[in-house]
Amino acid sequence: LAQLPARLAALPPVTRQRVATSLETLERTIDELRSTLGQDPANALLQELLMNAYQDEMRVLATVDEAGAPGQET
């Protein structure tokens, strides 16, 4: 995560905007799921959706890390 800003900066502007939009959407989704899950902590579907959202966020971050790594094509 510490290298994320530098890796994002290495991406082309269009790609950088798409990544930022994806991360913002995922963060909103995670916040909403956590809030809803707080009201119904035993809800297995909400728990699964939250885990899926976290996994999606990690995939985006991993892709950015790989794409922005030195020597990688962007």
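The values are calculated or read from the model by the stated rules, or taken from the named source; none is laboratory data. All figures in this text were calculated on a predicted structure; none of them were measured in a lab. Positions of Cβ are backbone-derived with ideal geometry, glycine not excepted, and every protein chain shown enters the neighbour counts. What goes into the accessible areas is simple: the full protein's heavy atoms, side chains included, and nothing from ligands, DNA or RNA. Shrake-Rupley method; radii C 1.70, N 1.55, O 1.52, S 1.80 Å.
Data for the structure
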quantity	calculated
Restricting the stretch 10-32 to residues that are more than 15 Å from MET58 (Cβ to Cβ) and touching a residue at least 12 places away in the same chain (Cβ under 8 Å), the residue that is least open to solvent (accessible area, probe 1.4 Å)	LEU11
Test result for GLU66, modelled with pLDDT under 95, loosely packed, with under 13 Cβ neighbours inside 10 Å and of a type in the set (Asp, Glu)	yes
Condition met for ALA53 (modelled with pLDDT of 95 or more, of a type in the set (Gly, Ala, Ser) and open to solvent by less than 60 Å² (accessible area, probe 1.4 Å))	yes
Any hit, the stretch 42-63, residues being in a helix (DSSP H, G or I), touching a Ser or Thr at 6+ places or on another chain (Cβ under 6 Å) and in contact (Cβ under 8 Å) with a residue 60 or more places away in the chain	no
Boolean, GLN3 is on the phi < 0 side of the Ramachandran plot, open to solvent by 70 Å² or more (accessible area, probe 1.4 Å) and either modelled with pLDDT under 95 or over 16 Å from the mean Cα position of the chain (by Cα) (or both)	yes
